[in-house]
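The values are calculated or read from the model by the stated rules, or taken from the named source; none is laboratory data. Quantities reported herein were computed from a predicted structural model and do not represent experimental measurements. Cβ placement follows ideal geometry from the backbone for every residue including glycine, while neighbour counts extend to all protein chains displayed.
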Amino acid sequence: MADYEKNSDSEIQETLVNVNRVTKVTKGGRRFSFSACVVVGNKKGMVGYGHGKAKEVTEARTKATQSAKKNMIKVPLYQSRTIHYDVIGTKGTAKVILRKASPGKGVIAGGAIRSVFELAGVHDIVAKSIKSGSVHNMLASVFNAFSKLNTPSQIAKARQKPLDSLSTRSSVIAKKKIGESNV
């Protein structure tokens, strides 16, 4: 929430992801209301999502937008275009696999997940949703995956090692290939 307060509302964009008409059957008849799901972001690594319910669609959307702005998180980006490493997020039965991608690959994701990446400022990523088709659970699993992400400096600090001592998988493979060619 502290990160959100630093941003002005003018640079935050929103996308309506899903609207459902909900019916409550009572003794006097059916009562209709609407449920909305909104994703907000500044395309610079800040993103959030929220749900809202009301008798009218516009009121539900407003509630969802307020909830999304209140629950914004910072996503650590690699070179301001993708995530640092592959990660899996879950919520209920929904499972989402996020994989970093090379430059120019683009956003390979479907539906509601695509809008999260666009508003977060992620330009190259591959995402696969498994099991659940529920928009709410898919969004929650993406944000669960985002919460598992750390920058290399955060990882080095947690391990109490210098940043240059961390090795990525690609650098380990490159060192093995160089070592094999010299033998």
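Here ARG30 passes the criteria (1) under 18 Å from ILE113 (Cβ atoms); (2) part of a strand (DSSP E or B) except the one numbered (1). Taking residues in segment 90-104 that are under 18 Å from LYS131 (Cα atoms) and modelled with pLDDT of 90 or more, and partners anywhere that are part of a loop (DSSP other than H, G, I, E, B) and acidic (Asp, Glu), the pairs with Cβ atoms closer than 6 Å and at least 6 places apart or on different chains are ARG99/ASP86. In this structure, GLN79 does not satisfy being exposed (fewer than 15 other Cβ atoms within 10 Å of the Cβ) and under 24 Å from VAL19 (Cβ atoms). Only residues that are touching a helix residue (DSSP H, G or I) at 6+ places or on another chain (Cβ under 7 Å) and in a strand (DSSP E or B) were counted in segment 62-108, giving 12.
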